[in-house]
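The values are calculated or read from the model by the stated rules, or taken from the named source; none is laboratory data. Bear in mind the structure is a predicted one, so any value in this text is a computation, not a measurement. Glycine also receives a Cβ, built like all others from the backbone with ideal geometry; neighbour counts cover every protein chain displayed.
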Amino acid sequence: MKARVLTHPDLTRTNLLSLASTIPGAWLGLKLAACLLLLAGWKATQVTALLGVSRMGLWHWLTTANRVGLAAWPPARYPGHRPRLSAAQQQQLELALLQSPEQAGLPRPR
């Protein structure tokens with residue numbers, strides 16, 4: 001099997017690390033880690049064994065990265081239903097979930 005390499009000029013160690021600090025999510029982190037390991041000289045088989053991904057999965061990641069560069073990492077909008085909560089309601093919910101039940105006005109009987 002031919003060795004896979006990163007060829008897009010935007011895919012440098014510095015660019016990938018700066019991108020990693022801005023994107024939450026473990027799956028995206030795995031993709032970034034795979035590219036960083038390949039840039040460090042690791043073989044694809046070593047990367048797949050370390051990260052627990054398939055060779056084909058790694059191949060797809062690298063093909064996409066080589067085609068579009070850093071634009072391969074920001075999460076895509078997935079199709080589906082719109083959220084039922086407005087943005088303000090979602091923010092209010094997130095703040096409420098940070099509180100204890102008592103602070104949120106929900107007494108806990110014992």
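Are any of the residues in segment 58-80 of a type outside the set (A, V, I, L, M), surrounded by fewer than 11 Cβ atoms within 10 Å (Cβ to Cβ), part of a loop (DSSP other than H, G, I, E, B) and more than 15 Å from the chain's Cα centre (by Cα)?
yes
Any chance you could count how many residues in segment 33-52 are touching a helix residue (DSSP H, G or I) at 6+ places or on another chain (Cβ under 7 Å) and of a type in the set (V, I, T)?
2
When you scan segment 55-98, how many residues do you find that are free of Cβ contacts under 8 Å to residues at least 24 places away in the same chain and touching a His at 6+ places or on another chain (Cβ under 9 Å)?
Residues in segment 55-98 being free of Cβ contacts under 8 Å to residues at least 24 places away in the same chain and touching a His at 6+ places or on another chain (Cβ under 9 Å): 0 in total.
Out of everything in segment 26-57 that is modelled with pLDDT under 80 and either exposed (fewer than 11 other Cβ atoms within 10 Å of the Cβ) or among the aromatic types (F, W, Y) (or both), what residue ends up being farthest from G69 (Cα to Cα)?
Looking at residues that are modelled with pLDDT under 80 and either exposed (fewer than 11 other Cβ atoms within 10 Å of the Cβ) or among the aromatic types (F, W, Y) (or both), I get A26.
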